[in-house]
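I have placed the structure first, in the form of structure tokens, so that the comments after it can refer back to it.
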Amino acid sequence: MSNTDVSKAQKVHVIFDLDDTLYPERDHAHSGFRAAGRHAETAWGVSGLADEMIRRLDEGHLGQVFPMSVAALVPDHSDTHIAEVRAAYRDHDPEITLFDDGRWALEHYGAIAKLGLITDGNAGVQARKIGALDIAHHFAAKVLTGELGPDRAFHKPHPRAYELIEQQIGVAGDHYVYIGDNPAKDFVTPNARGWTSIQIIREKTIHDQNAEVAGGAPRHKIQSLRQLPEILKF
Ligand SMILES: [Mg+2]
């Protein structure tokens, strides 16, 4: 780590984002679409919903995947149909695995530093991802921002999650590193609080990796979490 990042006397805690940082978020979407497809098949006798949803996602219709796909396959659908597949997606047990370098980073840094996790989204969905990946034991502190309040009120870049991490795993003067993939929200607050912000560049991410917001540029960019030691010096 450069001298401007942290002094040698400081304890450094390594905090991760989850989606598209530690595992591929697109795999979670596909896993949920398959669950939605199974529901459509079982409850309505409609096949092909999962493939339709995957196609819409690949076309960039994030946010409209459910209504567009249901409308395409069930012309006389109602809001109930959409609510049912949303529930099937939300409540399913995901089939996902860590990126290889995600697994490496958790094991490497988990052995020599305190780790934390800050993740946005429906808290139940995020908890099921953490369970499926079997990673909870790596973290000294986890903040699922969906648990802090309704309607994305505490989603990043809201400072609350970062404050909680500082309160839960450090003492005054400690240094924090935040590693995420989404420059639209991940790095604004770490930058403001004097943390070291690092963007992991992934292929086929759900969110735009080139978004620019005021104060949100990462201090470092890497293509693999295995490059972290070059920045952190441990
Ligand atoms: Mg992310």
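The values are calculated or read from the model by the stated rules, or taken from the named source; none is laboratory data. Note that the coordinates shown come from a computational prediction; the quantities given were computed from them, not determined experimentally. Note that each Cβ is placed from the backbone with ideal geometry, even for glycine, and that neighbours are counted across all protein chains shown. Note: areas computed on protein heavy atoms with side chains; ligands, DNA, RNA excluded. Shrake-Rupley method; radii C 1.70, N 1.55, O 1.52, S 1.80 Å.
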When the charge dipole of the chain is computed with +1 on Lys and Arg Cβ and -1 on Asp and Glu Cβ about the Cα centre, the Cα farthest towards its positive end, among Asn210, Ile200, Pro94, belongs to Ile200
May I ask you to give the average projected area over all directions of the convex hull of the Cα atoms of the chain, in nm² rounded to one decimal? 12.8 nm²
Sorting Thr80, Thr196, Thr42 on solvent-accessible surface, 1.4 Å probe, most exposed first, gives Thr42, Thr80, Thr196
Treating the beta-carbon of each Lys and Arg as +1 and of each Asp and Glu as -1, no other charges, what is the dipole magnitude of segment 101-234 about its Cα centre, to the nearest 20 debye? 80 debye
Against the rule of thumb 2.2 N^0.38 Å, how large the Cα Rg of segment 172-234 comes out: 1.10
Work from the charge dipole of segment 26-91 (Cβ charges, +1 for Lys and Arg, -1 for Asp and Glu, about the Cα centre) and give the residue of Ala71, Gly32, Met53 farthest towards its positive end. Gly32
Enumerate the lysines that Lys11 could reach by cross-link, defined here as Cα to Cα under 21 Å, with residues fewer than 8 away along the same chain left out. Lys114, Lys142, Lys233
Under-5 Å amide H pairs with Val143, H placed in peptide plane, nonlocal only: Leu117, Ile118, Thr119
Regarding segment 89-152, what's the average projected area of the Cα-atom convex hull, expressed in nm²? 4.6 nm²
Residue-wise, which Karplus ³J(HN,Hα) couplings in Hz belong to segment 75-81, taking 6.51 cos²θ - 1.76 cosθ + 1.60, θ = phi - 60°, and x for glycine or proline? x, 9, 6, 10, 4, 4, 4
Please report the carbon-and-sulfur percent of the accessible area for the chain; probe 1.4 Å, protein heavy atoms only, DNA, RNA and ligands left out. 48 percent
From zero up to wherever the largest Cα-Cα distance of segment 119-166 sits, split into 5 Å bins and tell me the percent of pairs in each. 5, 23, 30, 24, 15, 4
Volume per residue, Å³, of the convex hull around the alpha-carbon atoms of segment 26-91? 70 Å³
For segment 1-111, the Cα gyration tensor yields equivalent-ellipsoid semi-axes (√(5λ), largest first, whole Å) of 40, 14, 11
Kindly report the accessible area of segment 26-91 per residue (heavy atoms of protein chains, probe 1.4 Å, no ligands, DNA or RNA), in Å². 51 Å²
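Sort out the exposed loop trypsin sites (Lys or Arg not before Pro) in the chain (DSSP loop, at most 12 other Cβ within 10 Å) and tell me the longest stretch that has none.
By the stated rule (loop sites, at most 12 other Cβ atoms within 10 Å), 9-203.
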Taking placed amide H atoms and a strict 5 Å upper bound, the residues 5 or more places from Ala184 or on another chain that come that close are Ala211
Can you grab the distance from the C-alpha centre of segment 101-124 to the C-alpha centre of segment 173-234, Å, no decimals? 14 Å
Under a Cβ-Cβ cut-off of 9 Å, what is the net charge of the residues other than Arg193 that fall near it, where Lys and Arg count +1 and Asp and Glu count -1? -2
